[in-house]
1. Count, please, the residues in segment 11-29 that happen to be within 14 Å of the ligand (Cβ to nearest atom), surrounded by fewer than 20 Cβ atoms within 10 Å (Cβ to Cβ) and at pLDDT 95 or above.
2. Check every one of the helices (runs of 4 or more DSSP H) wholly within segment 42-114 and list those with 2 or more residues that are at pLDDT 95 or above and either more than 15 Å from the chain's Cα centre (by Cα) or at positive phi (or both).
3. Take the conditions more than 27 Å from residue 133 (Cα to Cα) and more than 13 Å from the ligand (Cβ to nearest atom) and apply them to residue 67. Does it pass?
4. Considering only residues that are in a loop (DSSP other than H, G, I, E, B) and surrounded by 12 or more Cβ atoms within 10 Å (Cβ to Cβ), which ones fall in segment 164-190?
5. Please indicate, with yes or no, whether at least one residue in segment 132-153 is away from the ligand (no atom under 13 Å from the Cβ), more than 23 Å from residue 179 (Cβ to Cβ) and assigned to a helix (DSSP H, G or I).
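The values are calculated or read from the model by the stated rules, or taken from the named source; none is laboratory data. Computed from a predicted model, the values in this text were never measured in an experiment. Glycine also receives a Cβ, built like all others from the backbone with ideal geometry; neighbour counts cover every protein chain displayed.
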Ligand code: CDP
């Protein structure tokens with residue numbers, strides 16, 4: 001089996017950027033598992049399936065027609081890279097990610113990304129559920145204010161102004177949903193390295209993970 005590095009952690013901890021850079025440094029593929037939850041959410045919204053319809057959303061997840069091609073993501077052949085980043089889609093994803101049927105439906109799809117020479121998998125349960133035998137597990141944390149400030153900067157870069165208090169509230173709600181759900185709650189695997197990036201740059205965070213890998 002190909003090597004896997006898992007990077008789990010709460011919302012806006014910088015996992016996505018860090019995962020891509022680690023993968024690039026190693027010449028490996030990357031799995032953005034959050035994108036699969038967002039794709040499920042977008043497909044459900046498009047099909048008029050409600051966020052509280054567990055069986056309905058699980059069916060959507062089972063039959064998801066998606067393709068990843070470099071930075072592009074396709075749903076039923078249409079490029080949805082921007083659509084899946086919408087706030088409404090993220091909120092729907094965060095709610096339906098609590099359903100065991102949805103998580104089960106996405107499990108094998110995630111494991112299929114494990115191909116040589118290796119995979120960097122970014123998510124909430126990569127080290128605990130999806131790749132429990134990963135070669136290296138990182139749990140990336142940052143304090144909630146640092147995360148809200150990063151998210152605000154990202155939004156400003158996209159020309160969207162955001163209020164820090166609103167972002168903080170939203171982030172705390174997401175953290176609560178992620179950590180309090182019964183199925184695959186957000187928590188470090190027993191054998192994970194917990195890395196606090198509150199005071200680290202992206203480059204320093206990437207280097208810390210590459211150092212763990214080379215140890
Ligand atoms: O914007 P954010 O970083 O919170 O989201 P994301 O990483 O794109 O993931 C979207 C949603 O899917 C999150 O709200 C997570 O709760 C959920 N998710 C999950 O439950 N398990 C994963 N392995 C990845 C994401």
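1. The number of residues fulfilling the criteria is 1.
2. Filter on segment 42-114 gives 54-62, 100-111.
3. No; evaluated as a whole, the condition is false for this residue.
4. If the condition is that a residue be in a loop (DSSP other than H, G, I, E, B) and surrounded by 12 or more Cβ atoms within 10 Å (Cβ to Cβ), then 181, 183, 184, 185, 186, 187, 188, 189 are the ones that fit.
5. yes
A quick yes/no check of all residues on (1) surrounded by fewer than 21 Cβ atoms within 10 Å (Cβ to Cβ); (2) in contact (Cβ under 8 Å) with a residue 40 or more places away in the chain; (3) in contact with a strand residue (DSSP E or B) (Cβ under 7 Å, 6 or more places away or on another chain):
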{"residue": "54", "(1), (2), (3)": "yes, yes, no"}
{"residue": "57", "(1), (2), (3)": "no, yes, no"}
{"residue": "69", "(1), (2), (3)": "yes, no, no"}
{"residue": "110", "(1), (2), (3)": "yes, yes, yes"}
